[in-house]
Structures are given as C-alpha cells and as structure tokens.
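Visitor: If you scroll down you'll find the structure; I have some questions about it.
Read-outs: derived from the displayed coordinates by stated rules, not from any lab. What you see is a predicted model, and the numbers here were worked out from it, not measured in a lab. Here Cβ is always computed from backbone atoms with ideal geometry, including for glycine, and neighbour counts include all displayed protein chains.
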Amino acid sequence: MYELVADEVTVVSALLETQSQLAARLPFFIDDHKRMVGISKVLREVVLVTNSISKRVEGALGVATNLRAQRRFLAKHGRRSGDGF
C-alpha cells in the first residue's frame, strides 16, 4: 500500500509543479482572451485531478493507519475464542 501511495505522491508533486507553471503563465496572456480561457481551463482540470489524487492518498494512509492500530491491538490483547473475529 505504501508503494502505491508513494507513486501517487510523486504524481501529486508533478501536478503541483504543473499548476505553478500554468499560473505563472496566466499574466502573459491577459490580452489574449482565448489563450487565457484555455490555460485557465487546463489549470482548473489539473487542480481537480490533484485534489482527487490527494484525497485518495489521504484515504489510503488513513486505512493503513487503522489497519496498523488493529494489528497492534490484536497483538497486545491476543485473539480470544468467541470474540467474533
């Protein structure tokens, strides 16, 4: 699971860099409405994808943390017959 998260963090990092580059270019096209709209649309899509992947990473890390806590609990308290596990 951590390998998957690591790969997605790399993707998020690249997308954040892309966002930065697109935002930096916006002022150069202030007089060119068509290009400004085009870049703005691309920037919006990149932001949406970045946010989606970031939320997925947060969820995966939350699941991993929960599983680790459950394993520690079971290791500490042991399995008892009839516990329903």
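Visitor: For Cα extents along the principal axes in Å, which listed value, (i) 42, 28, 21; (ii) 48, 31, 25; (iii) 73, 19, 14, comes from the coordinates shown?
Guide: Checking each listed value against the structure points to (iii).
Visitor: Of the options V63, L22, V11, report the single residue whose Cα projects farthest towards the positive end of the charge dipole of the chain (beta-carbon charges: Lys, Arg +1; Asp, Glu -1).
Guide: V63
Visitor: What does the helix-only formula give at 222 nm for the chain: each DSSP H stretch with n ≥ 4 adding -39500 (n - 2.57), the total divided by the residues, and the result rounded to the nearest 500 deg cm²/dmol?
Guide: It comes out at -29500 deg cm²/dmol, rounded to the nearest 500.
Visitor: While we're looking at this one, here's another question. What are the aspartates and glutamates whose alpha-carbon lies under 20 Å from the alpha-carbon of K55, with same-chain residues fewer than 8 places away excluded?
Guide: Partners within reach: E3, D7, E8, E17, E45.
Visitor: Mark the label point 7 Å from the Cα of E45 along Cα→Cβ and return the residues of the stretch 1-26 whose backbone N is within less than 18 Å of it.
Guide: Zone members listed by number: 12, 14-26.
Visitor: Another question about this same structure. Relative to the first principal axis of the alpha-carbon coordinates of the chain, what is the inclination of helix 2-25, with its axis defined by its Cα atoms, in degrees from 0 to 90 and to the nearest 10?
Guide: Once rounded, the angle reads 20 degrees.
Visitor: Continuing with this model, one more query. Please return the longest stretch of the chain lacking exposed loop sites, where trypsin sites (Lys or Arg not before Pro) count only if DSSP places them in a loop and at most 14 other Cβ atoms lie within 10 Å.
Guide: Longest stretch, sites excluded: 1-78.
Visitor: So, with +1 on the Cβ of K and R and -1 on the Cβ of D and E, and no other charges, what is the size of the charge dipole of the stretch 1-55 about its Cα centre, to the nearest 20 debye?
Guide: Dipole size: approximately 320 debye.
Visitor: Okay, next question. What does the net charge come to around A23 if you take all other residues with beta carbon closer than 12 Å to its beta carbon, with K and R at +1 and D and E at -1?
Guide: +1
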